[in-house]
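The values are calculated or read from the model by the stated rules, or taken from the named source; none is laboratory data. All of these numbers come straight from a predicted model, not from anything done at the bench. Cβ placement follows ideal geometry from the backbone for every residue including glycine, while neighbour counts extend to all protein chains displayed.
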Amino acid sequence: MLAIIEAYARGFLRDRPGLALTLLLPPLIYLLFAAIFGASGQGSIDASVSFTDLARSAASQTARAAMRKSFDRLSEQDSVQAVEANVVSGRADTGVILRAGDGPGLRIEILGTGGREAATNAVAARMSAIHAAMAGRAVDDGSVQRRRLGPAGDFQATYYAAAVAVMFMFFAAVHGAMGGLDERRSGLQARLVLASRGLAPVLGARLLWLTAVGVAQAIIIFLVATPDLPSLAIWQIAAGLLTAFVVGLAASGFALMVIAACRSRDQAQPLSTFLVLVLAALGGSMAPRFLMPPAFQSIGWLTPHAWAIESWQTVIWLGRFDSDVPTGWIVLAGLGVVGWLVAFVIERRRLSG
Amino acid sequence: MNGDPQSAALVFSGVHAGYGVKPVLTGLDLAIGAGEVYALFGPNGAGKSTAARVACGLLEPTRGEVRWPNQGKSGVSLSPQQEALFQNLTVAENLHVIARAAGARRERASIDVARALRLTACETRANELIAVLSGGWRRRASLAAALVGQPSLVVADEPTQGVDVHTRSALANALRAAATEGAACLLISHDARFVEAAADRVGFLLSGRLIKEGKPTALLDEAFGTRRTLAVRFAETPQDMLAKVMREAGFFASADGLTWRRIGDQPFEVARLLADAVNQAGGELIVSRPDLDDLAAALHEERHARDH
Ligand SMILES: Nc1ncnc2c1ncn2[C@@H]1O[C@H](COP(=O)(O)OP(=O)(O)O)[C@@H](O)[C@H]1O
Ligand SMILES: [Mg+2]
């Protein structure tokens with residue numbers, strides 16, 4: 001199996017243009033995404049707002065009524081912690097805390113994260129307007145305040161690094177797996193199967209090789225994104241790498257399965273491109289899931305992309321290791337294993353023809 | 001050598017095999033001994049490649065049995081019908097991958113690779129990428145890959161497809177050399193000259209079973225004795241007069257009417273009688289020994305006559 005992996009590695013290193021496309025294109029796309037979405041900060045975003053009302057006064061009732069008119073996606077929580085959790089996880093873009101102020105007034109706190117200043121700005125501006133309307137005049141008495149949650153790193157940078165990484169890992173895996181079609185057609189696959197005394201080592205070598213390429217892509221993208229990321233502890237780097245490994249496994253298993261189902265490149269090319277694009281779109285690789293309507297956010301969990309982005313986001317940006325992370329790892333590794341098994345069954349049938 | 005069951009490396013007993021409901025092999029019996037090159041000869045679609053797949057254990061017989069008495073299935077190597085190699089690796093690197101995939105450690109693999117390169121006379125191209133080699137050299141490399149690691153049975157499917165005379169003889173030598181070193185070789189081919197040069201025995205496959213088997217020279221002697229093939233080739237179809245004369249002399253025309261053949265005694269006398277007319281028509285005359293193609297044609301005809 002090692003010998004076959006080595007063969008792939010040699011061939012890969014000799015194919016300079018392919019090498020450049022596989023390893024340099026993804027970080028370029030990351031930089032492009034980061035530039036586009038970093039600059040879009042000024043537009044009015046339909047931000048989702050999570051709030052809690054600690055004042056419970058006549059003034060806060062008025063403010064709540066105004067907020068319901070202003071924000072389409074508004075959710076009420078019963079504690080400051082719940083609001084913070086929503087914002088930090090990305091479920092809400094911005095948090096709003098209504099506190100009792102001097103006399104009948106209100107103190108309003110706006111919670112945001114690094115890299116989501118656009119949403120925070122928009123909500124802060126709206127809340128200032130509401131406050132001003134209630135007071136009957138524009139006030140700048142510090143009753144609307146902002147607080148940043150989470151690390152200094154850019155929330156969106158981690159998101160886009162993860163999103164671009166998972167998308168390209170799937171593209172590269174599908175592209176790499178297509179080499180298997182040539183091996184099948186030329187009889188090289190049959191020859192390798194006879195030499196290795198079974199299909200499992202041959203397909204196993206392919207899985208591990210494609211996974212290795214995927215991990216390399218992820219490492220390069222996150223390296224390029226490093227200036228925008230929070231500073232990382234050793235465990236975060238390790239957990240990030242492990243995430244890269246299971247994402248690579250998922251991409252490779254998926255790719256081998258799709259390619260096994262195809263008879264020729266003419267079939268494989270459009271089918272795999274379609275599938276990879278659909279997964280990327282639903283899974284949040286193209287537009288952030290936290291900006292999608294709730295229905296699409298739920299559908300997103302059916303894609304490996306959502307799990308991959310969530311796991312990276314949690315360990316790298318949040319710096320947390322909660323139960324979502326191992327769950328994501330299991331889902332991703334599971335997809336890799338299932339994909340490989342399906343590919344194995346199909347390819348074994350094809351060996352006899 | 002022959003298919004002595006004691007030293008047989010591959011035995012088919014009444015093998016039926018096919019794809020889905022379509023039967024391709026319909027009761028194939030054959031035995032190949034260690035040190036023997038056995039050629040399966042037959043027209044396109046006869047089931048040769050299917051037999052090769054069964055011989056490699058890639059396709060299970062639906063009826064009958066296939067056995068590898070020497071080393072079991074694990075000693076089988078395959079040189080597939082297409083050149084099955086990594087394009088971005090050199091010849092030697094390709095062979096290394098095969099050797100190491102088969103379980104040899106690096107040093108052992110180097111010895112195996114050197115041996116396979118020697119048998120196929122590929123040493124001079126060992127360090128060239130497959131992608132830049134000519135078709136003939138790729139064919140050699142592909143056969144070399146099947147000879148790596150002393151397999152007990154080498155299955156070579158159409159190794160001479162699209163190669164020149166020179167390569168053909170190198171490939172024949174390689175197979176002979178591998179057999180001399182103890183391998184059993186199942187050669188799949190419809191290349192008559194190659195089979196005559198390389199094979200100890202030849203089996204004629206037609207519609208999924210053997211219709212004749214034996215040493216090529218013995219079979220040819222038995223079938224044709226002292227008779228010779230007289231072939232006449234024209235650039236354009238001959239005039240009716242000449243065609244009539246030739247038919248009366250026992251010639252048969254090819255489908256395009258350009259090649260006429262007669263297998264019989266006294267070829268030179270017939271040639272002398274026709275010489276002037278053929279020369280005027282711009283044709284050429286060739287006298288040769290009947291080959292396996294002629295034998296195959298005769299066998300098909302015989303069979304056809306018997307069936308109807
Ligand atoms: N994978 C396959 N699926 C279905 N039919 C096949 C397949 N491979 C070969 N055949 C059919 O089986 C018959 C024998 O094919 P094959 O063994 O390749 O013949 P040969 O090698 O003698 O030309 C042909 O009619 C061919 O069309
Ligand atoms: Mg064939």
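Couple of notes before you dig in:
- The residues of region A:217-245 that are farther than 19 Å from residue A:22 by Cα and β-branched (Val, Ile, Thr), listed by number, are A:226, A:234, A:237, A:243.
- Residue in region A:60-73 that is part of a loop (DSSP other than H, G, I, E, B) and modelled with pLDDT under 90 present: yes
- Region A:300-353, residues that are outside any helix (DSSP H, G or I) and out of contact with any Phe, Trp or Tyr (no Cβ under 7 Å at 6 or more places or on another chain): A:301, A:302, A:303, A:319, A:320, A:321, A:322, A:323, A:352
- Where a residue in region B:50-77 is away from ligand 1 (no atom under 16 Å from the Cβ) and its partner, wherever it lies, is basic (Lys, Arg) and part of a loop (DSSP other than H, G, I, E, B), with Cβ under 9 Å and at least six apart: B:73/A:197; B:74/A:197
- Top-ranked residue in region B:78-94 [being touching a residue at least 60 places away in the same chain (Cβ under 8 Å) and buried (at least 23 other Cβ atoms within 10 Å of the Cβ); ranked as farthest from ligand 2 (Cβ to nearest atom)]: B:85
- Out of B:255, B:184, B:249, one residue alone is within 24 Å of residue B:28 (Cα to Cα) and either touching a Leu at 6+ places or on another chain (Cβ under 8 Å) or not charged (D, E, K, R) (or both). It is B:184.
- Candidates B:112, B:164, B:157 - the one that is under 21 Å from the mean Cα position of the chain (by Cα), among the acidic types (Asp, Glu) and buried (at least 21 other Cβ atoms within 10 Å of the Cβ): B:157
- Residue within region B:128-139 that is touching a Leu at 6+ places or on another chain (Cβ under 6 Å), within 16 Å of ligand 1 (Cβ to nearest atom) and in contact (Cβ under 8 Å) with a residue 24 or more places away in the chain present: no
- Selection over region B:19-52 of residues that are over 25 Å from residue B:297 (Cα atoms) and surrounded by fewer than 17 Cβ atoms within 10 Å (Cβ to Cβ) gives a count of 4.
- Here the helices (runs of 4 or more DSSP H) wholly within region B:24-124 that include at least 1 residues being in contact with a helix residue (DSSP H, G or I) (Cβ under 9 Å, 6 or more places away or on another chain), among the aliphatic types (A, V, I, L, M) and within 11 Å of another protein chain (Cβ to nearest Cβ) are B:91-101, B:106-119.
- Counting only helices (runs of 4 or more DSSP H) that sit wholly inside region B:188-254, not one has at least 2 residues that are within 16 Å of ligand 2 (Cβ to nearest atom), under 24 Å from residue B:78 (Cβ atoms) and over 16 Å from the mean Cα position of the chain (by Cα).
- Taking residues in region B:187-214 that are under 14 Å from residue B:298 (Cα atoms), and partners anywhere that are aromatic (Phe, Trp, Tyr) and within 16 Å of ligand 2 (Cβ to nearest atom), the pairs with Cβ atoms closer than 6 Å and at least 6 places apart or on different chains are B:204/B:41; B:211/B:204; B:212/B:204.
- Number of positions in region B:28-49 that are free of Cβ contacts under 8 Å to residues at least 60 places away in the same chain, out of contact with any strand residue (DSSP E or B) (no Cβ under 6 Å at 6 or more places or on another chain) and away from ligand 2 (no atom under 16 Å from the Cβ): 0
- Boolean, residue A:339 is away from ligand 2 (no atom under 16 Å from the Cβ) and farther than 28 Å from residue A:230 by Cβ: yes
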